[in-house]
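S.K.: Handing you a structure now.
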Amino acid sequence: MNDGRRHLLGMSDVDDTDIERILETAAGFEDVVERDVKKVPTLRGRTVVNLFYESSTRTSSSFELAAKRLSADVVSVKAAGSSVDKGESLKDTVRTLNAYKPNIIVIRHPQIGAAHLTAKWSDAHVVNAGDGKHQHPTQSLLDLYTIKKRLGRLKDVKVAIVGDVLHSRVARSNIEGFQMMGLDVTLVGPPALIPPGIEEATGVKVSDDPESMSEADVIYVLRMQHERMEPGQNFVPTLREYARTWGVNSRRVKPGQVVMHPGPMNRGVEIAPDVADSGVSLVEDQVEAGLIVRMAVLYDLMNRPSIGTVIDFRERTGEWGAA
Ligand code: CP
């Protein structure tokens, strides 16, 4: 289906040219967010709806601020406290908000495919702000921006993505985005937390040796995603044991390496406070990048010719990790 609307549902909706352009646009917005008056009229008269069915601090606040910085009218709806509590379905909620004729809907939802359904049920451009363990494309874009800004390049940067890859939409989007931009990706963690067959499916390397983190330029640490595990499921013996073996602490980080984490962090589990609070941590740089990259995505959807169009979600069910 191509009705002229453009959506960012996953990293397969962009190519390397789109990513370069979005990162360049974001760099142009650096100046705007440093001014006394942090606003440009780019989206004046446009409406952005943020619809969040899952907890969020960074993504929800930065999308709201990004839209406001661009002078859009913004409506933010969180499932808790909305008519979702009274049993309203996703479809009815989307149709209700669509009646206000928004230009863009940003949606986060625990179910894979919710952003695609939102694109189907509304007349707006849709941005996926995280759907289950499937995709979180703006996280990947802001991570690429952060790496490029700190390291001065993307090509051939070695990244070790460490921890709970199995339940992570950030890992899925970053594997695609990082490989598209020529980074060298290794997944590091206990085998129970690495999706079987991922090497063949994606071309990444996999290591179950914590020492392999020492070869990376960037150690990208993931949180244990307990909310996506079944009750009683144990992927590691204990969190203390996990922290001892896989936790990134100052002894683990080698000179010249930097550490990233999408947040929220579980200090003392996957990342030690002495790393999180040190100069090697890019965590706050990632948050800063989140605002300007999301401004760039909103701008791009409204003003530029590309970013992918809606694709039939049925085509994606065989995709790795999406089932
Ligand atoms: N990284 C990320 O998505 O953080 P939030 O859950 O706080 O939005």
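S.K.: Given the residues VAL127, VAL165, VAL185, VAL159, which is the only one that is crowded, with 21+ Cβ neighbours inside 10 Å, at pLDDT 95 or above and in a loop (DSSP other than H, G, I, E, B)?
M.R.: Numbers: VAL127 fails: in a loop (DSSP other than H, G, I, E, B); VAL185 fails: in a loop (DSSP other than H, G, I, E, B); VAL159 fails: in a loop (DSSP other than H, G, I, E, B).
Just a single option satisfies the conditions, and that option is VAL165.
S.K.: Next up: Residue by residue through region 35-56, note down the ones that are more than 16 Å from the ligand (Cβ to nearest atom) and without any contact (Cβ under 8 Å) to a residue 40 or more places away in the chain.
M.R.: ARG35, ASP36, VAL37, LYS38, LYS39, VAL40, PRO41, ARG44, GLY45
S.K.: Exactly one of these conditions fails for ALA171: (1) within 16 Å of the ligand (Cβ to nearest atom); (2) touching a Lys or Arg at 6+ places or on another chain (Cβ under 8 Å). Give me its number.
M.R.: Status for ALA171: all satisfied but (2).
S.K.: Just need a number here: residues in region 168-182 that are assigned to a loop (DSSP other than H, G, I, E, B) and within 26 Å of ALA243 (Cβ to Cβ).
M.R.: Total satisfying the criteria: 1.
S.K.: Let me ask another. Just give me the residues in region 103-124 being touching a residue at least 60 places away in the same chain (Cβ under 8 Å) and open to solvent by less than 10 Å² (accessible area, probe 1.4 Å), in sequence order.
M.R.: Passing the criteria: ILE104, GLY113, ALA114, ALA115, THR118, ALA119, ALA124.
S.K.: Is one or more of the residues making up region 81-100 under 22 Å from the mean Cα position of the chain (by Cα) and assigned to a loop (DSSP other than H, G, I, E, B)?
M.R.: No, region 81-100 contains no residue that is under 22 Å from the mean Cα position of the chain (by Cα) and assigned to a loop (DSSP other than H, G, I, E, B).
S.K.: Okay, moving on. Contact list please: Cβ distance under 6 Å, first residue in region 271-294 and open to solvent by 40 Å² or more (accessible area, probe 1.4 Å), second residue away from the ligand (no atom under 14 Å from the Cβ), pairs at least six apart or on different chains.
M.R.: Correct list of pairs: PRO273/ARG267; ASP274/SER250; VAL280/VAL253; VAL280/VAL258; VAL280/VAL259.
The values are calculated or read from the model by the stated rules, or taken from the named source; none is laboratory data. Since this is a predicted model, take the numbers as computed values, not measurements. Glycine gets a Cβ as well: all are built from the backbone with ideal geometry, and neighbour counts include every protein chain shown. Keep in mind that these areas ignore ligands, DNA and RNA; they rest on the heavy atoms of the full protein, side chains included. Shrake-Rupley method; radii C 1.70, N 1.55, O 1.52, S 1.80 Å.
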